[in-house]
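To keep things clear, I will list the structure first and then write my remarks on it.
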Amino acid sequence: MRELTKEQVEKRLAAPNGSETLFAEAEAAFDAAWALFAEDGNAAACAFLCRCAKRQAYAARIDALLGEARAPLYAALRSDAPKLRKNAARLAGALADERDVPALVAALAAEEQRFVRPSLLLALGACGGEQAEAVLSAYSVAPAADVGEERHVREETDALAAAKKRFLHFEKHGFTGLPKAYPIELRTPDKLEGSLRFELEAQGITPVSTEPGAVYVNTKELAPLFACRSFFELLFPIARKASAAPELIARHAGAFLRELLPAAHTGKPPFGYRIEVRGENAERAALAKAVAAKLDGSMLVNAPGDYEAELRIELRPNGSADVFLKLYTIPDSRFAYRVGALPASIHPATAAAVLRYARAYLKEGARVLDPCCGSGTLLIERGKLTETAALTGVDIAHKAIGIARENAAAAGSQAKFICNDCLRFEAKRKYDEVIANLPFGNRVGTHKNNERLYAAMLDKLPEWLVPGGVALLYTMEFTLLKKLVRERPQLTLITETRTEADGLLPGVFLLRMAQKP
(Lines give C-alpha, C1' and ligand atoms only; values in the text may rest on other atoms or scores of the structure.)
Protein backbone atom coordinates (compact mmCIF):
# COMPACT_ATOMS: atom_id res chain seq x y z
CA MET A 1 0.00 0.00 0.00
CA ARG A 2 1.42 3.40 -1.00
CA GLU A 3 2.02 5.63 2.01
CA LEU A 4 0.45 9.08 2.11
CA THR A 5 2.69 12.14 2.45
CA LYS A 6 2.50 14.69 5.27
CA GLU A 7 0.91 17.17 2.90
CA GLN A 8 -1.73 14.68 1.77
CA VAL A 9 -2.58 13.66 5.32
CA GLU A 10 -2.66 17.25 6.56
CA LYS A 11 -5.07 18.20 3.77
CA ARG A 12 -7.31 15.22 4.52
CA LEU A 13 -7.29 15.94 8.25
CA ALA A 14 -8.32 19.55 7.65
CA ALA A 15 -11.58 18.39 6.07
CA PRO A 16 -14.71 17.88 8.24
CA ASN A 17 -14.40 14.66 10.31
CA GLY A 18 -10.94 14.26 8.82
CA SER A 19 -9.49 11.92 11.45
CA GLU A 20 -12.54 9.64 11.16
CA THR A 21 -12.59 9.40 7.37
CA LEU A 22 -8.83 8.92 7.15
CA PHE A 23 -8.92 6.00 9.58
CA ALA A 24 -9.99 3.67 6.76
CA GLU A 25 -6.48 4.22 5.38
CA ALA A 26 -4.73 4.12 8.74
CA GLU A 27 -1.77 2.04 7.62
CA ALA A 28 -1.00 4.34 4.69
CA ALA A 29 -1.48 7.50 6.75
CA PHE A 30 0.07 6.52 10.08
CA ASP A 31 3.70 7.59 9.55
CA ALA A 32 2.74 10.96 8.09
CA ALA A 33 0.21 11.56 10.87
CA TRP A 34 2.83 10.73 13.48
CA ALA A 35 5.22 13.23 11.91
CA LEU A 36 2.52 15.91 11.84
CA PHE A 37 1.87 15.33 15.54
CA ALA A 38 5.41 14.86 16.82
CA GLU A 39 7.11 17.50 14.64
CA ASP A 40 4.38 20.04 13.95
CA GLY A 41 1.99 19.68 16.92
CA ASN A 42 -1.00 19.11 14.64
CA ALA A 43 -4.13 18.63 16.77
CA ALA A 44 -6.06 16.79 14.03
CA ALA A 45 -3.16 14.36 13.61
CA CYS A 46 -3.25 13.73 17.34
CA ALA A 47 -6.98 13.00 17.11
CA PHE A 48 -6.23 10.53 14.32
CA LEU A 49 -3.62 8.80 16.51
CA CYS A 50 -6.22 8.57 19.29
CA ARG A 51 -8.42 6.56 16.94
CA CYS A 52 -5.48 4.37 15.96
CA ALA A 53 -4.54 3.73 19.60
CA LYS A 54 -7.85 1.93 20.17
CA ARG A 55 -6.23 -0.97 18.32
CA GLN A 56 -3.56 -2.75 20.31
CA ALA A 57 -1.09 -2.98 17.45
CA TYR A 58 -1.19 0.77 16.81
CA ALA A 59 -1.05 1.55 20.54
CA ALA A 60 2.15 -0.49 20.80
CA ARG A 61 3.53 1.31 17.77
CA ILE A 62 2.78 4.76 19.24
CA ASP A 63 4.25 3.72 22.57
CA ALA A 64 7.48 2.63 20.86
CA LEU A 65 7.71 5.92 18.95
CA LEU A 66 7.21 7.92 22.15
CA GLY A 67 10.07 6.06 23.80
CA GLU A 68 11.05 6.47 27.43
CA ALA A 69 11.16 10.28 27.32
CA ARG A 70 7.69 10.55 25.69
CA ALA A 71 8.62 14.09 24.70
CA PRO A 72 6.06 14.62 21.89
CA LEU A 73 3.17 13.69 24.20
CA TYR A 74 4.32 15.88 27.08
CA ALA A 75 5.06 18.80 24.77
CA ALA A 76 1.52 18.51 23.42
CA LEU A 77 0.09 18.55 26.97
CA ARG A 78 1.96 21.86 27.54
CA SER A 79 1.01 23.34 24.15
CA ASP A 80 -0.55 26.78 23.77
CA ALA A 81 -3.28 25.20 21.62
CA PRO A 82 -6.19 23.96 23.81
CA LYS A 83 -7.40 21.53 21.13
CA LEU A 84 -3.99 19.87 20.97
CA ARG A 85 -3.85 19.64 24.80
CA LYS A 86 -7.27 17.98 24.81
CA ASN A 87 -6.31 15.47 22.13
CA ALA A 88 -2.98 14.76 23.82
CA ALA A 89 -4.89 13.91 27.01
CA ARG A 90 -7.15 11.62 24.98
CA LEU A 91 -4.08 9.93 23.52
CA ALA A 92 -2.57 9.42 26.98
CA GLY A 93 -5.86 7.90 28.12
CA ALA A 94 -5.91 5.54 25.14
CA LEU A 95 -2.34 4.40 25.90
CA ALA A 96 -3.19 4.01 29.64
CA ASP A 97 0.42 4.10 30.86
CA GLU A 98 1.04 4.99 34.50
CA ARG A 99 4.31 6.69 33.50
CA ASP A 100 2.26 9.55 32.07
CA VAL A 101 0.46 10.37 35.34
CA PRO A 102 2.89 13.10 36.58
CA ALA A 103 2.64 14.94 33.25
CA LEU A 104 -1.17 14.67 33.31
CA VAL A 105 -1.31 15.93 36.91
CA ALA A 106 0.82 18.94 35.99
CA ALA A 107 -1.32 19.59 32.93
CA LEU A 108 -4.53 19.41 34.98
CA ALA A 109 -3.18 21.86 37.56
CA ALA A 110 -2.22 24.34 34.82
CA GLU A 111 -5.33 23.90 32.64
CA GLU A 112 -7.53 26.98 32.41
CA GLN A 113 -9.86 25.79 29.64
CA ARG A 114 -12.83 23.88 31.05
CA PHE A 115 -13.47 21.88 27.89
CA VAL A 116 -9.97 20.32 28.16
CA ARG A 117 -10.26 19.16 31.79
CA PRO A 118 -12.66 16.23 31.22
CA SER A 119 -10.12 14.55 28.91
CA LEU A 120 -7.36 15.03 31.49
CA LEU A 121 -9.51 13.54 34.25
CA LEU A 122 -10.46 10.54 32.11
CA ALA A 123 -6.82 10.00 31.16
CA LEU A 124 -5.82 9.91 34.84
CA GLY A 125 -8.47 7.31 35.48
CA ALA A 126 -7.28 5.21 32.53
CA CYS A 127 -3.60 5.42 33.52
CA GLY A 128 -4.29 4.49 37.14
CA GLY A 129 -1.87 4.27 40.04
CA GLU A 130 -1.77 5.74 43.52
CA GLN A 131 -0.91 9.28 42.45
CA ALA A 132 -3.79 9.41 39.96
CA GLU A 133 -6.22 8.02 42.54
CA ALA A 134 -5.12 10.59 45.14
CA VAL A 135 -5.45 13.51 42.70
CA LEU A 136 -8.90 12.42 41.54
CA SER A 137 -10.06 11.85 45.12
CA ALA A 138 -9.03 15.37 46.11
CA TYR A 139 -10.25 17.05 42.93
CA SER A 140 -13.41 19.16 43.01
CA VAL A 141 -15.20 20.69 40.07
CA ALA A 142 -15.34 24.48 40.26
CA PRO A 143 -18.84 25.94 39.91
CA ALA A 144 -19.87 27.57 36.66
CA ALA A 145 -18.89 31.21 36.36
CA ASP A 146 -21.79 31.86 34.00
CA VAL A 147 -24.52 30.07 32.04
CA GLY A 148 -22.13 29.36 29.19
CA GLU A 149 -19.99 27.18 31.48
CA GLU A 150 -22.82 24.96 32.76
CA ARG A 151 -22.44 22.37 30.01
CA HIS A 152 -18.68 22.15 30.63
CA VAL A 153 -19.30 21.74 34.37
CA ARG A 154 -21.61 18.78 33.67
CA GLU A 155 -19.04 17.22 31.35
CA GLU A 156 -16.27 17.71 33.91
CA THR A 157 -18.42 16.28 36.70
CA ASP A 158 -19.30 13.23 34.59
CA ALA A 159 -15.66 12.71 33.64
CA LEU A 160 -14.54 12.90 37.27
CA ALA A 161 -17.15 10.32 38.30
CA ALA A 162 -16.17 8.01 35.43
CA ALA A 163 -12.46 8.36 36.25
CA LYS A 164 -13.02 7.58 39.93
CA LYS A 165 -14.93 4.44 39.01
CA ARG A 166 -11.74 3.02 37.56
CA PHE A 167 -10.44 2.73 41.13
CA LEU A 168 -13.49 1.07 42.59
CA HIS A 169 -12.98 -2.54 43.58
CA PHE A 170 -16.35 -4.22 43.83
CA GLU A 171 -16.79 -7.03 46.29
CA LYS A 172 -18.33 -10.04 44.57
CA HIS A 173 -21.71 -10.73 46.09
CA GLY A 174 -23.19 -14.20 46.56
CA PHE A 175 -26.90 -14.70 46.01
CA THR A 176 -28.49 -16.11 49.16
CA GLY A 177 -32.14 -16.25 48.08
CA LEU A 178 -35.14 -13.96 47.98
CA PRO A 179 -36.23 -12.60 51.37
CA LYS A 180 -39.91 -12.78 50.37
CA ALA A 181 -42.12 -13.65 47.42
CA TYR A 182 -41.68 -11.33 44.45
CA PRO A 183 -43.53 -11.00 41.15
CA ILE A 184 -41.32 -12.58 38.50
CA GLU A 185 -41.54 -12.47 34.72
CA LEU A 186 -40.18 -15.44 32.76
CA ARG A 187 -39.50 -14.56 29.12
CA THR A 188 -40.50 -17.32 26.70
CA PRO A 189 -40.66 -17.80 22.93
CA ASP A 190 -43.80 -16.09 21.65
CA LYS A 191 -46.83 -18.40 21.20
CA LEU A 192 -45.04 -21.13 23.17
CA GLU A 193 -45.94 -19.88 26.63
CA GLY A 194 -47.96 -23.06 27.14
CA SER A 195 -44.74 -25.08 27.17
CA LEU A 196 -43.50 -23.15 30.19
CA ARG A 197 -46.90 -23.33 31.93
CA PHE A 198 -46.74 -27.12 31.52
CA GLU A 199 -43.29 -27.21 33.13
CA LEU A 200 -44.23 -24.86 35.96
CA GLU A 201 -47.33 -26.83 36.85
CA ALA A 202 -45.25 -30.01 36.89
CA GLN A 203 -43.11 -28.23 39.53
CA GLY A 204 -46.21 -27.40 41.57
CA ILE A 205 -46.21 -23.72 40.56
CA THR A 206 -49.41 -22.11 39.32
CA PRO A 207 -48.66 -19.15 37.02
CA VAL A 208 -50.34 -15.86 37.94
CA SER A 209 -50.90 -14.85 34.31
CA THR A 210 -49.59 -15.18 30.78
CA GLU A 211 -48.87 -12.65 28.04
CA PRO A 212 -47.31 -13.11 24.60
CA GLY A 213 -43.72 -14.05 25.27
CA ALA A 214 -44.00 -14.09 29.07
CA VAL A 215 -45.35 -16.08 32.00
CA TYR A 216 -45.75 -14.49 35.43
CA VAL A 217 -45.32 -16.14 38.80
CA ASN A 218 -45.19 -14.90 42.38
CA THR A 219 -42.67 -16.77 44.50
CA LYS A 220 -39.56 -16.62 46.64
CA GLU A 221 -38.37 -20.09 45.62
CA LEU A 222 -36.24 -19.96 42.48
CA ALA A 223 -34.97 -23.55 42.30
CA PRO A 224 -38.27 -24.89 40.88
CA LEU A 225 -38.20 -22.17 38.22
CA PHE A 226 -34.75 -23.21 37.02
CA ALA A 227 -35.95 -26.80 36.82
CA CYS A 228 -37.91 -25.51 33.81
CA ARG A 229 -36.18 -25.12 30.45
CA SER A 230 -38.69 -23.24 28.27
CA PHE A 231 -37.72 -19.68 29.23
CA PHE A 232 -34.87 -17.40 28.24
CA GLU A 233 -34.45 -15.21 31.30
CA LEU A 234 -35.88 -14.30 34.67
CA LEU A 235 -36.77 -10.66 35.31
CA PHE A 236 -38.12 -8.77 38.31
CA PRO A 237 -40.73 -6.23 37.17
CA ILE A 238 -40.14 -2.86 38.86
CA ALA A 239 -42.64 -0.64 37.05
CA ARG A 240 -45.20 -1.06 34.26
CA LYS A 241 -46.27 1.61 31.80
CA ALA A 242 -44.44 4.17 33.90
CA SER A 243 -43.29 7.60 32.84
CA ALA A 244 -39.99 7.44 30.97
CA ALA A 245 -38.74 10.54 32.80
CA PRO A 246 -35.26 9.70 34.20
CA GLU A 247 -36.03 10.94 37.70
CA LEU A 248 -39.16 8.76 37.95
CA ILE A 249 -37.43 5.66 36.57
CA ALA A 250 -34.59 6.22 39.04
CA ARG A 251 -37.07 6.66 41.89
CA HIS A 252 -38.82 3.35 41.12
CA ALA A 253 -35.61 1.46 40.44
CA GLY A 254 -33.64 2.92 43.32
CA ALA A 255 -36.21 1.91 45.93
CA PHE A 256 -36.47 -1.61 44.52
CA LEU A 257 -32.73 -2.22 44.15
CA ARG A 258 -31.83 -0.76 47.53
CA GLU A 259 -34.33 -3.08 49.18
CA LEU A 260 -33.63 -6.30 47.27
CA LEU A 261 -29.89 -6.32 46.61
CA PRO A 262 -28.59 -6.21 50.22
CA ALA A 263 -31.34 -8.55 51.44
CA ALA A 264 -30.60 -11.22 48.81
CA HIS A 265 -26.80 -11.19 48.83
CA THR A 266 -23.74 -11.72 50.96
CA GLY A 267 -21.20 -8.92 51.19
CA LYS A 268 -21.34 -5.17 51.47
CA PRO A 269 -22.26 -2.40 49.03
CA PRO A 270 -21.67 -0.98 46.54
CA PHE A 271 -23.37 -3.12 43.90
CA GLY A 272 -22.24 -2.61 40.31
CA TYR A 273 -24.99 -2.36 37.74
CA ARG A 274 -25.51 -1.53 34.09
CA ILE A 275 -28.46 0.03 32.27
CA GLU A 276 -29.96 -1.50 29.13
CA VAL A 277 -32.46 0.67 27.26
CA ARG A 278 -34.53 -1.04 24.56
CA GLY A 279 -37.01 0.47 22.13
CA GLU A 280 -37.18 2.84 19.22
CA ASN A 281 -35.75 5.96 20.75
CA ALA A 282 -32.77 7.92 19.49
CA GLU A 283 -32.08 9.22 23.00
CA ARG A 284 -31.49 5.84 24.65
CA ALA A 285 -27.91 6.65 25.65
CA ALA A 286 -28.96 9.99 27.13
CA LEU A 287 -31.76 8.31 29.08
CA ALA A 288 -29.40 5.71 30.52
CA LYS A 289 -26.91 8.38 31.50
CA ALA A 290 -29.57 10.52 33.19
CA VAL A 291 -30.99 7.55 35.14
CA ALA A 292 -27.51 6.51 36.29
CA ALA A 293 -26.78 10.04 37.49
CA LYS A 294 -29.85 9.81 39.75
CA LEU A 295 -29.12 6.27 40.99
CA ASP A 296 -25.39 6.34 41.73
CA GLY A 297 -24.33 6.59 45.35
CA SER A 298 -22.88 4.53 48.17
CA MET A 299 -25.21 1.57 47.43
CA LEU A 300 -25.32 1.54 43.62
CA VAL A 301 -22.63 2.32 41.06
CA ASN A 302 -23.12 2.30 37.31
CA ALA A 303 -20.27 0.04 36.20
CA PRO A 304 -20.83 -1.36 32.69
CA GLY A 305 -17.53 -3.21 32.86
CA ASP A 306 -18.07 -4.83 36.26
CA TYR A 307 -21.75 -5.36 37.04
CA GLU A 308 -23.89 -7.91 38.85
CA ALA A 309 -27.29 -6.43 38.01
CA GLU A 310 -28.92 -5.02 34.91
CA LEU A 311 -31.57 -2.34 35.00
CA ARG A 312 -33.68 -3.01 31.90
CA ILE A 313 -35.75 -0.10 30.54
CA GLU A 314 -38.11 -1.11 27.72
CA LEU A 315 -39.64 1.90 26.01
CA ARG A 316 -43.18 1.66 24.65
CA PRO A 317 -44.35 3.43 21.48
CA ASN A 318 -46.58 5.74 23.52
CA GLY A 319 -43.61 7.11 25.44
CA SER A 320 -44.06 5.13 28.66
CA ALA A 321 -41.62 2.48 29.89
CA ASP A 322 -41.50 -0.91 31.57
CA VAL A 323 -38.64 -1.27 34.04
CA PHE A 324 -37.07 -4.58 35.14
CA LEU A 325 -34.18 -5.92 37.16
CA LYS A 326 -32.09 -8.83 35.92
CA LEU A 327 -29.72 -10.36 38.47
CA TYR A 328 -26.58 -12.01 37.17
CA THR A 329 -25.78 -13.32 40.64
CA ILE A 330 -28.57 -15.91 40.39
CA PRO A 331 -27.01 -19.19 39.21
CA ASP A 332 -28.49 -20.56 35.96
CA SER A 333 -26.68 -23.62 34.63
CA ARG A 334 -29.54 -24.95 32.47
CA PHE A 335 -27.73 -24.40 29.19
CA ALA A 336 -24.13 -24.51 30.40
CA TYR A 337 -23.52 -27.39 27.99
CA ARG A 338 -23.66 -24.96 25.08
CA VAL A 339 -19.92 -24.44 24.75
CA GLY A 340 -20.25 -23.68 21.04
CA ALA A 341 -22.88 -22.45 18.60
CA LEU A 342 -23.40 -21.49 14.98
CA PRO A 343 -25.02 -18.28 13.66
CA ALA A 344 -28.20 -20.19 12.79
CA SER A 345 -28.31 -22.27 16.00
CA ILE A 346 -31.64 -22.45 17.76
CA HIS A 347 -31.63 -21.04 21.29
CA PRO A 348 -31.80 -23.88 23.86
CA ALA A 349 -34.90 -22.34 25.51
CA THR A 350 -36.64 -22.21 22.13
CA ALA A 351 -35.63 -25.82 21.45
CA ALA A 352 -37.03 -26.86 24.83
CA ALA A 353 -40.28 -24.95 24.26
CA VAL A 354 -40.74 -26.37 20.74
CA LEU A 355 -40.26 -29.92 22.01
CA ARG A 356 -42.71 -29.41 24.87
CA TYR A 357 -45.22 -27.98 22.42
CA ALA A 358 -45.21 -31.43 20.79
CA ARG A 359 -44.80 -33.36 24.06
CA ALA A 360 -48.06 -35.31 23.72
CA TYR A 361 -46.81 -36.85 20.45
CA LEU A 362 -43.27 -37.70 21.61
CA LYS A 363 -42.72 -40.96 23.43
CA GLU A 364 -40.46 -42.52 26.03
CA GLY A 365 -37.65 -44.61 24.61
CA ALA A 366 -37.90 -43.05 21.15
CA ARG A 367 -35.29 -43.31 18.45
CA VAL A 368 -34.75 -39.72 17.28
CA LEU A 369 -33.08 -38.32 14.16
CA ASP A 370 -32.10 -34.70 13.47
CA PRO A 371 -31.04 -34.52 9.80
CA CYS A 372 -29.93 -30.84 10.08
CA CYS A 373 -28.44 -31.02 13.55
CA GLY A 374 -26.14 -27.99 13.47
CA SER A 375 -24.67 -27.55 16.96
CA GLY A 376 -26.86 -30.35 18.36
CA THR A 377 -29.17 -28.25 20.53
CA LEU A 378 -32.48 -29.85 19.51
CA LEU A 379 -31.15 -33.37 20.07
CA ILE A 380 -29.61 -32.52 23.44
CA GLU A 381 -32.83 -30.89 24.63
CA ARG A 382 -34.83 -33.86 23.30
CA GLY A 383 -32.70 -36.12 25.48
CA LYS A 384 -33.54 -33.98 28.51
CA LEU A 385 -37.29 -34.24 27.85
CA THR A 386 -37.68 -38.03 28.14
CA GLU A 387 -35.60 -41.16 28.02
CA THR A 388 -34.57 -42.00 24.46
CA ALA A 389 -33.23 -45.15 22.84
CA ALA A 390 -31.11 -43.28 20.29
CA LEU A 391 -30.27 -39.69 19.35
CA THR A 392 -28.67 -39.29 15.92
CA GLY A 393 -27.60 -36.02 14.34
CA VAL A 394 -26.57 -35.50 10.73
CA ASP A 395 -25.04 -32.35 9.22
CA ILE A 396 -23.11 -31.67 6.06
CA ALA A 397 -20.69 -29.24 7.80
CA HIS A 398 -17.65 -30.65 9.62
CA LYS A 399 -17.55 -27.55 11.85
CA ALA A 400 -21.14 -28.08 12.96
CA ILE A 401 -20.50 -31.73 13.79
CA GLY A 402 -17.44 -30.80 15.83
CA ILE A 403 -19.40 -28.25 17.85
CA ALA A 404 -22.31 -30.67 18.32
CA ARG A 405 -19.99 -33.32 19.71
CA GLU A 406 -18.45 -30.84 22.14
CA ASN A 407 -21.89 -29.69 23.32
CA ALA A 408 -23.12 -33.26 23.73
CA ALA A 409 -20.06 -34.20 25.77
CA ALA A 410 -20.60 -31.16 28.02
CA ALA A 411 -24.27 -32.13 28.43
CA GLY A 412 -23.50 -35.76 29.21
CA SER A 413 -25.66 -36.67 26.21
CA GLN A 414 -25.34 -39.99 24.39
CA ALA A 415 -26.21 -38.34 21.06
CA LYS A 416 -24.18 -39.52 18.07
CA PHE A 417 -23.29 -37.22 15.18
CA ILE A 418 -22.52 -38.05 11.56
CA CYS A 419 -21.02 -35.70 8.98
CA ASN A 420 -23.01 -36.35 5.82
CA ASP A 421 -25.47 -34.82 3.39
CA CYS A 422 -28.81 -35.62 5.00
CA LEU A 423 -30.28 -36.56 1.60
CA ARG A 424 -27.64 -39.29 1.32
CA PHE A 425 -28.12 -40.51 4.87
CA GLU A 426 -29.68 -43.96 5.06
CA ALA A 427 -31.17 -45.19 8.30
CA LYS A 428 -30.12 -48.74 9.13
CA ARG A 429 -33.09 -48.85 11.45
CA LYS A 430 -36.05 -46.49 11.25
CA TYR A 431 -36.70 -43.73 13.78
CA ASP A 432 -39.78 -42.85 15.81
CA GLU A 433 -39.18 -39.12 15.50
CA VAL A 434 -37.48 -36.69 13.15
CA ILE A 435 -36.81 -33.25 14.63
CA ALA A 436 -35.13 -30.44 12.72
CA ASN A 437 -34.36 -26.74 12.69
CA LEU A 438 -34.55 -26.39 8.91
CA PRO A 439 -32.59 -23.76 6.95
CA PHE A 440 -34.58 -20.51 7.09
CA GLY A 441 -33.65 -19.35 3.61
CA ASN A 442 -32.30 -15.98 4.77
CA ARG A 443 -29.63 -16.52 7.41
CA VAL A 444 -28.79 -19.95 5.99
CA GLY A 445 -29.49 -21.05 2.43
CA THR A 446 -31.87 -19.46 -0.06
CA HIS A 447 -35.53 -19.92 -0.84
CA LYS A 448 -34.66 -21.51 -4.18
CA ASN A 449 -32.37 -24.03 -2.51
CA ASN A 450 -35.00 -24.70 0.13
CA GLU A 451 -37.60 -25.55 -2.51
CA ARG A 452 -35.42 -28.47 -3.57
CA LEU A 453 -34.15 -29.38 -0.10
CA TYR A 454 -37.51 -29.36 1.67
CA ALA A 455 -39.18 -31.48 -1.03
CA ALA A 456 -36.34 -33.99 -0.96
CA MET A 457 -36.37 -34.18 2.86
CA LEU A 458 -40.11 -34.80 3.00
CA ASP A 459 -39.62 -37.55 0.44
CA LYS A 460 -36.99 -39.08 2.74
CA LEU A 461 -39.34 -39.20 5.74
CA PRO A 462 -40.89 -42.56 4.75
CA GLU A 463 -37.35 -43.99 4.69
CA TRP A 464 -36.44 -42.50 8.06
CA LEU A 465 -39.68 -42.83 10.05
CA VAL A 466 -41.58 -45.85 11.28
CA PRO A 467 -45.27 -45.97 10.27
CA GLY A 468 -47.10 -43.49 12.50
CA GLY A 469 -43.84 -41.73 13.39
CA VAL A 470 -43.76 -37.94 13.78
CA ALA A 471 -41.67 -35.12 12.37
CA LEU A 472 -41.25 -31.87 14.33
CA LEU A 473 -40.00 -29.13 12.00
CA TYR A 474 -39.01 -25.53 12.83
CA THR A 475 -38.66 -23.13 9.90
CA MET A 476 -39.31 -19.72 8.39
CA GLU A 477 -40.42 -21.39 5.15
CA PHE A 478 -43.91 -22.15 6.51
CA THR A 479 -45.75 -21.43 3.24
CA LEU A 480 -43.42 -23.67 1.27
CA LEU A 481 -43.57 -26.45 3.86
CA LYS A 482 -47.38 -26.46 4.05
CA LYS A 483 -47.63 -26.61 0.25
CA LEU A 484 -45.22 -29.55 0.07
CA VAL A 485 -47.00 -31.42 2.89
CA ARG A 486 -50.36 -31.07 1.08
CA GLU A 487 -48.79 -32.68 -1.98
CA ARG A 488 -47.78 -35.78 0.03
CA PRO A 489 -50.78 -37.82 1.15
CA GLN A 490 -48.64 -40.06 3.38
CA LEU A 491 -48.00 -37.01 5.63
CA THR A 492 -50.61 -35.45 7.92
CA LEU A 493 -50.22 -32.03 9.52
CA ILE A 494 -51.19 -32.59 13.16
CA THR A 495 -50.68 -29.06 14.45
CA GLU A 496 -48.76 -25.87 13.77
CA THR A 497 -48.02 -22.52 15.39
CA ARG A 498 -45.88 -19.45 14.83
CA THR A 499 -43.30 -18.11 17.24
CA GLU A 500 -40.65 -15.38 17.28
CA ALA A 501 -36.86 -15.54 17.12
CA ASP A 502 -34.62 -12.47 16.87
CA GLY A 503 -37.19 -10.48 14.93
CA LEU A 504 -38.20 -13.38 12.68
CA LEU A 505 -41.46 -15.33 12.87
CA PRO A 506 -40.69 -19.00 12.28
CA GLY A 507 -43.31 -21.72 12.32
CA VAL A 508 -43.45 -24.99 14.27
CA PHE A 509 -44.98 -27.93 12.39
CA LEU A 510 -45.83 -31.39 13.71
CA LEU A 511 -46.38 -34.02 11.01
CA ARG A 512 -47.37 -37.69 11.25
CA MET A 513 -46.36 -40.44 8.88
CA ALA A 514 -49.17 -42.66 7.66
CA GLN A 515 -49.62 -45.94 9.52
CA LYS A 516 -49.41 -47.85 6.24
CA PRO A 517 -47.31 -47.10 3.14
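Placing unit charges on the Cβ atoms of the charged side chains and taking the dipole of the chain about its Cα centre, the candidate lying farthest along the positive direction among Gln515, Ile205, Ser243 is Gln515.
Are any of the pairs Lys363/Lys428; Lys430/Lys516; Lys220/Lys294; Lys11/Lys54 more than 18 Å apart by Cα-Cα distance, and if so, which? Listed pairs above 18 Å: Lys363/Lys428; Lys220/Lys294; Lys11/Lys54. For Phe271, the residues whose modelled amide H falls within less than 5 Å of its own, excluding neighbours fewer than 5 places apart on the same chain, are Leu300, Val301. Annotation for Arg55 and Gln131: the two label points, set 7 Å from Cα along the Cα-Cβ direction, are 3.2 nm apart. Ranking Asn449, Leu505, Ala471 by Cα position along the charge dipole of the range 447-509, where only Lys, Arg, Asp and Glu carry charges on their C-beta atoms, puts Asn449 farthest toward the positive end. Estimated purely from DSSP H runs of n ≥ 4, each contributing -39500 (n - 2.57), the mean residue ellipticity at 222 nm for the chain is -13000 deg cm²/dmol once divided by its residues. Hey, what angle do you get for helix 246-263 against the long axis of the chain, alpha-carbon based, 0 to 90 degrees rounded to 10? Approximately 70 degrees, to the nearest 10. For Lys268, list the lysines whose Cα falls under 16 Å from its own Cα; do not include residues on the same chain fewer than 8 positions away. Within reach: Lys172. On full extension, the segment bounded by Ala202 and Glu149 gains 12.8 nm, given 0.36 nm per residue less the C-alpha separation.
Each 10 Å bin from 0 upward holds the following percent of the Cα-Cα pairs of the range 392-481: 15, 44, 36, 5.
For the peptides 72-81, 187-196, residues were scored by their other Cβ atoms within 10 Å and the scores averaged per peptide; the highest-first order is 187-196, 72-81. With the simple model of a label 7 Å out from the Cα in the direction of the Cβ, Ala106 to Ser298 spans 3.9 nm. Can you pull the one-decimal nm distance between simple spin-label points at Thr266 and Glu27, each 7 Å off the Cα toward Cβ? It works out to 5.1 nm between the two label points.
Between Val394 and Asp370, Cys372, Cys373, Ile418, the built amide H atoms are under 5 Å apart, and every one of these is 5 or more places off in sequence or on another chain. For the range 164-284, a simple Cβ point-charge model (Lys and Arg +1, Asp and Glu -1, everything else neutral) yields a dipole of about 620 debye relative to the Cα centre. Per-residue 3J(HN,Hα) values for the range 348-357, derived from phi via the Karplus relation 6.51 cos²θ - 1.76 cosθ + 1.60 with θ = phi - 60°, read x, 5, 5, 4, 5, 5, 4, 5, 6, 4 Hz in sequence order (x marks Gly and Pro).
Measuring with a 1.4 Å probe in the full set of protein chains, what accessible area per residue, in whole Å², belongs to the chain? Accessible area per residue: 47 Å².
Taking 0.36 nm per residue of sequence separation and subtracting the Cα-Cα distance, how much length would be gained by fully extending the chain between Lys416 and Ala223, in nm to one decimal? Extending this stretch completely gives an extra 66.4 nm. Projected onto planes of every orientation and averaged, the convex hull of the alpha-carbon atoms in the range 188-232 covers 2.7 nm². Measuring spread by the Cα atoms of the chain yields a radius of gyration and Dmax of 29.5, 91 Å.
In vacuo Debye scattering of the range 262-390, one point per C-alpha: log10 I(q)/I(0) at q = 0.16, 0.17, 0.20 Å⁻¹? So the normalised log intensities work out to -0.92, -0.95, -1.08. Spread over its residues, the convex hull of the C-alpha atoms of the range 3-48 is 52 Å³ per residue. This model, with +1 at the C-beta of Lys and Arg and -1 at the C-beta of Asp and Glu, gives the chain a dipole about its Cα centre of some 1700 debye. Annotation: amide H-H contacts under 5 Å for Ala96 (H modelled 1.01 Å from N, sequence separation of 5 or more, or interchain): none. Taking every C-alpha pair closer than 8 Å and separated by at least 6 residues, the mean separation divided by the residue count of the chain gives a relative contact order of 8 percent.
What a 1.4 Å probe finds exposed on the chain is 51% carbon and sulfur by accessible area, rounded to a whole percent.
The 3J(HN,Hα) values that the Karplus relation (6.51, -1.76, 1.60; θ = phi - 60°) gives for the range 42-56 are, in residue order, 7, 5, 5, 5, 5, 4, 4, 5, 4, 5, 4, 5, 5, 9, 4 Hz. Gly and Pro appear as x. A Cβ-based charge dipole, computed about the Cα centre of the range 79-200 with Lys and Arg at +1 and Asp and Glu at -1, lands at about 300 debye.
In order along the range 493-502, phi translates into HN-Hα couplings of 7, 7, 7, 8, 7, 10, 9, 9, 8, 6 Hz, rounded to whole numbers, per the Karplus curve 6.51 cos²θ - 1.76 cosθ + 1.60 with θ = phi - 60° and x for Gly and Pro.
Taking 19 Å as the straight-line reach from the Cα of Lys448, the aspartates and glutamates in range (excluding those fewer than 8 positions away in the same chain) are Asp421, Asp459, Glu477, Glu487.
The values are calculated or read from the model by the stated rules, or taken from the named source; none is laboratory data. As the structure is a computational prediction, the values presented were derived from the model and not from experiment. Note that each Cβ is placed from the backbone with ideal geometry, even for glycine, and that neighbours are counted across all protein chains shown. We work out accessible area using only protein heavy atoms, side chains counted, and drop any ligands, DNA or RNA first. Shrake-Rupley method; radii C 1.70, N 1.55, O 1.52, S 1.80 Å.
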